[in-house]
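Chemist: Before I ask anything, here is the structure I am working with.
The values are calculated or read from the model by the stated rules, or taken from the named source; none is laboratory data. All values derive from a computational prediction rather than experimental measurement. Cβ placement follows ideal geometry from the backbone for every residue including glycine, while neighbour counts extend to all protein chains displayed. Please note that ligands, DNA and RNA were not included when accessible areas were found on the heavy atoms of the full protein model with its side chains. Shrake-Rupley method; radii C 1.70, N 1.55, O 1.52, S 1.80 Å.
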Amino acid sequence: MIDHFAIWSEIYDQVYADVSDDIDFYVHHSKLANGPILELGCGTGRITIPLLQNGYDISGLDSSKSMMQVLQRKTSHINESATGAFVVGNMVNVGKSFDRKFKLVIAPYRGFQSLLTLPEQQECLVGLRNVLDKEHKVIINLFTPTSEIFNQNPRKMYKVKEITDSVSEVTRSVWHRTEVCMSKQTLRVEIKVETSKNGFISDTRYAPFSLRYTYPQEAEYLFHYCGYEIIDLMGDYNGNSYNDPSQDMIWMIRKQEKRHVRV
């Protein structure tokens, strides 16, 4: 498996430092879980580290070896002992990747959408049932497909944001372009990160990745098809209900023990 994130795993934390509105949400639900937690797509630990710092027993799964190496370096500096396991692997195999049961499973920030086909998503959800405790909750974040995505010029780079470190005076500009495949419901995204200081660009990195977009009704059917029931669907991390303008879909689901699961 090609590790596209090896290109920029060392600067990932700086690029996404502004994405923090969901951290308190996951800390809150980790407290409610009162037991082991599993994060799918844990990356360099944007969510994992705050949960560890709050003393929660968290394990992680991520397909990028380089991102996991960054995470493991960071966990080594935390005083609290990390009791969970951190595994490099595909979410499709989550049911075979851990030998323990989890009270809470989270897939933050579009991580589940890195599975690019329905069969992969189904296999992940069905396999996940094998590592769920009797009392459990699964939280999956998806983005809502909008006209803005489909109206982009696939040959044009769009500037998304600019982050400046006030101490080093280093600025990182983040650009992206997106190619949409409507028949497969996939987005092929190319991210460009330019590092500059005093107006001079010192480093440019490109990282491609793909996501599968999912419509709300499709996601609901997918979860039911794989033997889950919907606990809640929220449109933001303040707990507001989902509606059409919502950028995020935050699904809370749990498995139905007595329901026949189709595979």
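Chemist: Which of (1) in contact (Cβ under 8 Å) with a residue 24 or more places away in the chain; (2) within 23 Å of residue 21 (Cα to Cα); (3) open to solvent by 80 Å² or more (accessible area, probe 1.4 Å) does residue 193 not meet, given it meets every other one?
Modeler: Only one criterion in (1) in contact (Cβ under 8 Å) with a residue 24 or more places away in the chain; (2) within 23 Å of residue 21 (Cα to Cα); (3) open to solvent by 80 Å² or more (accessible area, probe 1.4 Å) is unmet by residue 193, namely (3).
Chemist: Checking the condition surrounded by fewer than 16 Cβ atoms within 10 Å (Cβ to Cβ), in a strand (DSSP E or B) and out of contact with any helix residue (DSSP H, G or I) (no Cβ under 6 Å at 6 or more places or on another chain), which residue from 231, 250 passes? Walk me through how you get there before you give the answer.
Modeler: Working: 250 fails: surrounded by fewer than 16 Cβ atoms within 10 Å (Cβ to Cβ).
Being surrounded by fewer than 16 Cβ atoms within 10 Å (Cβ to Cβ), in a strand (DSSP E or B) and out of contact with any helix residue (DSSP H, G or I) (no Cβ under 6 Å at 6 or more places or on another chain) holds for just one of 231, 250, which is 231.
Chemist: Among the residues of the stretch 149-157, is any surrounded by 12 or more Cβ atoms within 10 Å (Cβ to Cβ), modelled with pLDDT of 95 or more and more than 27 Å from residue 220 (Cβ to Cβ)?
Modeler: yes
Chemist: Say we look at the stretch 15-31 and pick out the residues that are within 17 Å of residue 250 (Cα to Cα) and out of contact with any Pro (no Cβ under 7 Å at 6 or more places or on another chain); which of these is least open to solvent (accessible area, probe 1.4 Å)?
Modeler: Initially, the stretch 15-31 is screened for residues within 17 Å of residue 250 (Cα to Cα), giving 19-30.
Checking which are out of contact with any Pro (no Cβ under 7 Å at 6 or more places or on another chain) leaves us with 19-21, 24-25, 28-30.
Values: 19: 21, 20: 61, 21: 108, 24: 121, 25: 19, 28: 100, 29: 21, 30: 2 Å².
Across the stretch 15-31, the extreme among qualifying residues is 30.
Chemist: Given the criterion small (Gly, Ala, Ser) and in contact (Cβ under 8 Å) with a residue 40 or more places away in the chain, identify the matching residue among 202, 210, 173, 183.
Modeler: Values: 202 fails: in contact (Cβ under 8 Å) with a residue 40 or more places away in the chain; 173 fails: in contact (Cβ under 8 Å) with a residue 40 or more places away in the chain; 183 fails: in contact (Cβ under 8 Å) with a residue 40 or more places away in the chain.
On inspection, the qualifying residue turns out to be 210.
Chemist: Six or more apart or on different chains, Cβ atoms under 7 Å: show the pairs whose first residue is in the stretch 5-19 and over 12 Å from residue 71 (Cβ atoms) and whose second is in a loop (DSSP other than H, G, I, E, B) and of a type in the set (Phe, Trp, Tyr).
Modeler: Sorted first by the residue in the stretch 5-19, then by its partner, the pairs are 19/109.
Chemist: Could you please find all residues in the stretch 43-99 being among the acidic types (Asp, Glu) and loosely packed, with under 15 Cβ neighbours inside 10 Å? Reasoning before the result, please.
Modeler: Restricting attention to the stretch 43-99, the residues satisfying the condition of being among the acidic types (Asp, Glu) are 57, 62, 80, 99.
Scanning the stretch 43-99 gives 80, 99.
Chemist: Could I ask something else about it? Go through (1) open to solvent by 20 Å² or more (accessible area, probe 1.4 Å); (2) polar (S, T, N, Q); (3) part of a strand (DSSP E or B) for residue 183 and report which single condition fails.
Modeler: If we test residue 183 against (1) open to solvent by 20 Å² or more (accessible area, probe 1.4 Å); (2) polar (S, T, N, Q); (3) part of a strand (DSSP E or B), just (3) comes out false.
Chemist: Restrict the check to the stretch 236-247 and report whether at least one residue is crowded, with 17+ Cβ neighbours inside 10 Å and either assigned to a strand (DSSP E or B) or not hydroxyl-bearing (Ser, Thr, Tyr) (or both).
Modeler: no
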